1. Probe radius 1.4 Å, ligands and nucleic acids ignored: give me the carbon and sulfur share of the accessible area of the chain as a rounded percent.
2. Provide the gained length on full extension for the span Arg2 to Trp183, in nm with one decimal, where the gain is 0.36 nm per separating residue minus the Cα-Cα distance.
3. State to the nearest 20 debye the size of the charge dipole of the range 67-174 about its Cα centre, where the only charges are +1 on K and R beta carbons and -1 on D and E beta carbons.
4. Mind giving me the FRET efficiency for Leu172 and Arg68? R0 is 22 Å, r the Cβ-Cβ distance, nearest 0.05 is fine.
5. Choose one of Ala38, Gly97, Pro60: the residue whose Cα lies farthest towards the positive end of the charge dipole of the range 1-115 (beta-carbon charges +1 Lys, Arg; -1 Asp, Glu; about the Cα centre).
6. Toward the positive end of the charge dipole of the chain, about the Cα centre and with charges on Cβ (Lys, Arg +1; Asp, Glu -1), which of Ala170, Ala152, Thr7 goes farthest?
7. Evaluate the range 125-199: find the radius of gyration of its Cα atoms, find its Kirkwood radius, and give the ratio Rg to Rh.
8. FRET efficiency for Glu198 and Ala144, Cβ-Cβ distance as r, R0 = 25 Å, nearest 0.05?
Amino acid sequence: MRIIKYTHSCVRLETGGGVLVIDPGTWSEPAALAGADAVLVTHEHTDHVDVLRLAGLGVPVFAPAGARLPGPVPLPVVPVTAGQRFTAAGVEVTATGGRHATIHGGQPDCANLGYLVADAVYHPGDSLHPPGRRVATLLVPAQASWLKLTEAIDFAVAAGAARTVAIHDAQLNERGLASVNGWFGETVPGYRYLAPGESADAGT
């Protein structure tokens, strides 16, 4: 399996059986979806889902049951619940978690699912819900209004993945990104930063 990182939380997973894209939001590049066979959406926020782009794609879009996807056109989705196992783009996916992390005062509160792909790659969306098993590649949120860096580090260390790749980083400037990469690099074994468009082996 090959992982290609795109801006913010969007990643593209290429396998022998197809192309699976996770969280192609409004900040991600259109190229992420070229030739995609299926899309996974962790939650309804626009930095994770671009409804207009997906509406014309014509491939299955899996999203949390009850998610209210924003946009001027309806987007048919395959509803998913925590604990559900299904096939997307030829690979097995397990949904975990349930709710978006809290920023302040209980807000925002919306459905958020993490996705474990092929029992190897884990994308948590906007939460730090653990994958529930050892994975080859962990995608760790690097910066968010709902996140403290120490929480992200603890999440990554506890997961014990062979590889850890930062996501949710579009609001970091160069100084901030250097600081975050420094901390992850010093504390998380197997950490690697992928700039948008860079790829790496995601394991199996």
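1. Numbers: 4520 of 8550 Å².
Answer for the chain: carbon and sulfur cover 53 percent of the accessible area.
2. Values: separation 181, 0.36 × 181 = 65.16 nm, distance 2.54 nm.
Contour length minus the Cα-Cα distance gives 62.6 nm.
3. Working: 7 positive and 8 negative charges, 53 e Å.
Computed about the Cα centre, the dipole is about 260 debye.
4. Details: r = 28 Å, r/R0 = 1.27.
After rounding, the FRET efficiency stands at 0.20.
5. My answer, from the dipole projection, is Gly97.
6. Ala152
7. Working: Rg = 11.4 Å, Rh = 12.4 Å.
Reported Rg/Rh (Cα atoms, Kirkwood Rh): 0.92.
8. Working: r = 21 Å, r/R0 = 0.85.
Efficiency computed from Cβ-Cβ geometry: 0.70.
The values are calculated or read from the model by the stated rules, or taken from the named source; none is laboratory data. Small disclaimer: the values here were computed from a predicted structure and weren't measured. All Cβ positions, even for glycine, are placed from backbone atoms using ideal geometry, and neighbour counts span all protein chains on display. For accessibility, only protein heavy atoms count, side chains too; no ligands or nucleic acids. Shrake-Rupley method; radii C 1.70, N 1.55, O 1.52, S 1.80 Å.
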